[in-house]
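Presented below is the structure to which this report refers.
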Amino acid sequence: MVNTVAINEKVHWIGVNDRETYLFENLWPLDKGVSYNSYLINDEKVAILDTVKNSKMDAYLEKIESIIGEKQVDYMIINHMEPDHSGAIKAVKAKYPDVKIVGNTKTFTFLENFYGKMDNYHVIKDGDLLDLGEHKLRFYLTPMVHWPETMMTYDETSKILFSADAFGGFGTLDGGVFDDEVNLEFYMDEIRRYYSNIVGKFGPMVQRALKKLTDLNLEFKVIAPTHGPVWRTNPNCIIENYDRWSKAETEEGVVIVYGSMYGNTQKMADFIARKLSEEGIKNIRIYDASKTHVSYIISDIWRFKGVILGSCAYNTKLFPSMETVISKIENSQLKDRYLGVFGTSSWSGGGVSNLDKFQERINWEKIGESVEAKSSPKTEQFDKCEQMAKEMAKKLISER
Ligand code: FEO
């Protein structure tokens, strides 16, 4: 029995789960896996919306056939060309040679660069309509959410937005496919981790896309992204979260991240956290950058306003795992956080001084003085750490 899920009489989820891949984009841990969602509309004309990663194409083709039998696929709509969604295009084309491939001009540039020349292109412009019979599909270009060719498809008949990467997240769909069938608490962390690491850099483009959808005054009964749950009961929940994240809105809390070889920088991190707690801060997360993957750290930095970074010196430089953290922060262009800096030097400096340079480049508001201990923290450095914690707490509490 092939697993497909009806969204309504003619629209079906035909996605697949990936629990085998260790790293998404060969970068981001998939501890909880990921789903590649594709959709099929079985109308007078048959359309599929996006495909799946190439490792899943056999299971995917079976799903299509289980719904349409001997019928042909008339349209393959490509909202996004990244290979986690375009990986089965060639297989679909091989099985249904007359299929028309639907995309915008940029889509076809990517298509040919990845997979070579094909035929039967149906090139759409922003706002164009495709009539499948009962279902009328309208296309909206939403560049850079997440690639330049990205677009969304709106089913005017069922009021379903096929939103590509937008509104999606990590985590396989383990039985439940719809938002009302799953515990969203599990998914929201993974959706924020997905957003902050994959899409977050393009926050202004997400805002532009959200404004475009709002200005169009469309009604969304269902939001159907290419990863994670399908939103049919509370689509506003995911829209509101994307809105907040893309505006870099934060919650009260502090993320302390440190790189420590022998535990001395870690000791300062724990001390600062205790002082923050004594000042009434409840959301405090401490991460050892050498242990926790940077994607989880970034996800929490996206969430909370306060950030305190600590590093020991390593061969006159920042500790390598902290290099990774600051590089990812700078790459994501995250703005407007409060930043404290601490660490240790040994036979050389390089940890704290490079965190200070990072602060100057990123221009986050500095909280307290940078604290640097020689090899291990003493009373003087603990006092300064306490001062930093008090200033950070005061800043955050003043914004309640
Ligand atoms: Fe899920 Fe940008 O690919």
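When every residue of the stretch 215-225 is checked against the conditions, none turns out to be among the small types (Gly, Ala, Ser), over 25 Å from Thr4 (Cα atoms) and outside the structural domain of Asn283 (by TED's automatic domain parsing).
Of everything in the stretch 57-70 that's touching a strand residue (DSSP E or B) at 6+ places or on another chain (Cβ under 6 Å) and open to solvent by 30 Å² or more (accessible area, probe 1.4 Å), which residue is farthest from Leu137 (Cα to Cα)? Once the filter is applied, the top-ranked residue is Ala59.
Among the residues that make up the stretch 118-125, is at least one of them open to solvent by less than 30 Å² (accessible area, probe 1.4 Å) and more than 24 Å from the chain's Cα centre (by Cα)? Within the stretch 118-125 (the criterion being open to solvent by less than 30 Å² (accessible area, probe 1.4 Å) and more than 24 Å from the chain's Cα centre (by Cα)), the answer is yes, since at least one residue qualifies.
Selection of the stretch 183-218 for residues being touching a Phe, Trp or Tyr at 6+ places or on another chain (Cβ under 8 Å), away from the ligand (no atom under 16 Å from the Cβ) and touching a residue at least 40 places away in the same chain (Cβ under 8 Å) yields Lys212, Leu213, Leu216, Leu218. The residues of the stretch 92-107 that are within 16 Å of the ligand (Cβ to nearest atom) and among the basic types (Lys, Arg) amount to a single one, Lys106. Residues of the stretch 364-389 that are in contact with a Lys or Arg (Cβ under 8 Å, 6 or more places away or on another chain) and open to solvent by 80 Å² or more (accessible area, probe 1.4 Å): Glu365, Glu369.
Scanning the stretch 237-266 for residues that are of a type in the set (A, V, I, L, M) and open to solvent by less than 70 Å² (accessible area, probe 1.4 Å) gives Ile238, Ile239, Ala248, Val254, Val255, Ile256, Val257. Filtering the stretch 198-236 to residues that are open to solvent by less than 30 Å² (accessible area, probe 1.4 Å), under 21 Å from Val34 (Cβ atoms) and either basic (Lys, Arg) or at pLDDT below 95 (or both) leaves Ile198, Val199, Gly200, Val206.
Could you list, in sequence order, all residues of the stretch 45-61 that are within 22 Å of the chain's Cα centre (by Cα) and of a type in the set (D, E, K, R)? Asp50, Lys53, Lys56, listed by residue number. In the stretch 136-182, of all residues being touching a residue at least 60 places away in the same chain (Cβ under 8 Å) and among the acidic types (Asp, Glu), the one that is farthest from Trp13 (Cα to Cα) corresponds to Glu149. If the condition is being buried (at least 16 other Cβ atoms within 10 Å of the Cβ) and touching a His at 6+ places or on another chain (Cβ under 6 Å), then the stretch 1-28 contributes only Thr4. Those helices (runs of 4 or more DSSP H) of the stretch 281-400 in which 2 or more residues are within 28 Å of Phe202 (Cβ to Cβ) occupy 294-303, 320-332, 351-362. For the stretch 206-228, a tally of residues being over 14 Å from the mean Cα position of the chain (by Cα), closer than 28 Å to Asn331 by Cβ and of a type outside the set (Val, Ile, Thr) returns 7. Look at the stretch 91-118: where a residue is hydrophobic (A, V, I, L, M, F, W, C) and a partner is surrounded by fewer than 17 Cβ atoms within 10 Å (Cβ to Cβ) and in a loop (DSSP other than H, G, I, E, B), sitting 6+ places away or on another chain with Cβ atoms under 7 Å, you get Val99/Asn120; Ile101/Met118; Ile101/Asn120; Leu111/Met118. The residues of the stretch 71-91 that are part of a helix (DSSP H, G or I), crowded, with 22+ Cβ neighbours inside 10 Å and more than 12 Å from the ligand (Cβ to nearest atom) amount to a single one, Ile89. With the requirement that a residue be open to solvent by 20 Å² or more (accessible area, probe 1.4 Å), touching a strand residue (DSSP E or B) at 6+ places or on another chain (Cβ under 9 Å) and over 13 Å from Ala389 (Cβ atoms), what does the stretch 268-293 give you? Those that are open to solvent by 20 Å² or more (accessible area, probe 1.4 Å), touching a strand residue (DSSP E or B) at 6+ places or on another chain (Cβ under 9 Å) and over 13 Å from Ala389 (Cβ atoms): Lys282, Asn283, Arg285, Tyr287, Asp288, Ser290, Thr292, His293.
To keep it simple, each residue is scored yes or no on (1) closer than 16 Å to Pro83 by Cα; (2) in contact with a Phe, Trp or Tyr (Cβ under 8 Å, 6 or more places away or on another chain); (3) more than 14 Å from the ligand (Cβ to nearest atom).
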site	(1), (2), (3)
Thr109	yes, no, yes
Tyr121	no, yes, yes
His135	no, no, yes
Trp147	yes, yes, no
Tyr154	no, yes, yes
Ile160	no, yes, yes
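Kindly indicate whether any position in the stretch 320-343 is open to solvent by 40 Å² or more (accessible area, probe 1.4 Å), on the phi > 0 side of the Ramachandran plot and of a type in the set (S, T, N, Q). Yes, there is a match, as at least one residue in the stretch 320-343 is open to solvent by 40 Å² or more (accessible area, probe 1.4 Å), on the phi > 0 side of the Ramachandran plot and of a type in the set (S, T, N, Q).
Among the residues of the stretch 345-363, the one identified as open to solvent by 30 Å² or more (accessible area, probe 1.4 Å) and either under 15 Å from Ala273 (Cα atoms) or in contact (Cβ under 8 Å) with a residue 40 or more places away in the chain (or both) is Asn354.
The values are calculated or read from the model by the stated rules, or taken from the named source; none is laboratory data. Because the structure is predicted, anything quoted here is derived from the model rather than measured. Neighbour counts are summed over all protein chains in view; Cβ atoms, including those assigned to glycine, are modelled from backbone coordinates with ideal geometry. Remember, those area values only see protein heavy atoms, side chains included, never the ligands or the DNA or RNA. Shrake-Rupley method; radii C 1.70, N 1.55, O 1.52, S 1.80 Å.
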